[in-house]
Amino acid sequence: MEKLFIVDDHKMLLNGLKTYLEENSEWDVAKTFTSQAECLECLAQIQNPCELPKIIIVDVQLRGESGFDLVERITKNWPQIKCIIYSMYDTPGYILQARESGAKGYISKVASEEELLAALKNVLDGGEYIEKRMEKTLKNLDSVISSFSRQEKIIFEKILQGKTNKEIAGELFISSHSVENYVSFIYDKCYVKNRAELIQKFQNN
């Protein structure tokens, strides 16, 4: 059996997912956590690499913490572990950020259990997995963001997550004026006039 960890602050969902995987797959859900700190502390205490999980399923939001931040830390310190983002959000901005964080998979909590199992198998085998209904959206996004600078890409992701310029400025520790300039460049590159057009253009895809 392959070893798996799950990080999710919704205990009912966490326990339900653990039970399903153990009863319907070959996965051994060895540990579950409700916070980033619990997961990192456990990983740091594991001395034998063979005791590390092959995959960690990570929720996007963890009691005010970012699941993306946890994925980045895991990817940096334990590169042999592969992460799958498991989220209630299915907007393009979250998919892009998951990939930027180093996650090998992104699947929403409304996906079928069978698709989750398919994602786990694909990632375990060395591939990447995006929920099937999101594939076309990601392909369309990739054709646009290839022309973005790194900062533009980050801001673009946050716009598609529904965040305001003020929220983006606070998260990136830059001025609102700087955000406005980046947003203007993004509009030009996407051939839209405003935020509503930008979101509609990609959400409809």
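The values are calculated or read from the model by the stated rules, or taken from the named source; none is laboratory data. Not measured: the values here are computed from a predicted model. Every residue, glycine as well, gets a Cβ built from its backbone with ideal geometry; the counts of neighbours run over all protein chains shown. Ligands, DNA and RNA are excluded from the accessible area calculation, which covers all protein heavy atoms including side chains. Shrake-Rupley method; radii C 1.70, N 1.55, O 1.52, S 1.80 Å.
For segment 90-139, residues that are surrounded by fewer than 14 Cβ atoms within 10 Å (Cβ to Cβ) and either touching a residue at least 24 places away in the same chain (Cβ under 8 Å) or on the phi < 0 side of the Ramachandran plot (or both) total 11. The lone criterion from (1) touching a residue at least 40 places away in the same chain (Cβ under 8 Å); (2) in contact with an Asp or Glu (Cβ under 9 Å, 6 or more places away or on another chain); (3) open to solvent by 30 Å² or more (accessible area, probe 1.4 Å) left unmet by Ala37 is number (1). Taking segment 159-181 as the range and being of a type outside the set (A, V, I, L, M, F, W, C) and more than 23 Å from the chain's Cα centre (by Cα) as the test, the residues that pass are Ser175, Ser176, His177, Ser178, Glu180, Asn181. With respect to Phe156, is the statement that it is over 18 Å from the mean Cα position of the chain (by Cα) and either of a type in the set (A, V, I, L, M, F, W, C) or at pLDDT below 90 (or both) true? So Phe156 does not fit the description; no.
Pick out, from segment 126-205, the helices (runs of 4 or more DSSP H) lying fully within it that include 3 or more residues that are under 14 Å from Leu96 (Cβ atoms).
Filter on segment 126-205 gives 135-145, 150-160, 195-203.
Of the residues screened, Glu72 is one that is in contact with a Ser or Thr (Cβ under 7 Å, 6 or more places away or on another chain) and either of a type in the set (Gly, Ala, Ser) or closer than 26 Å to Ile145 by Cβ (or both).
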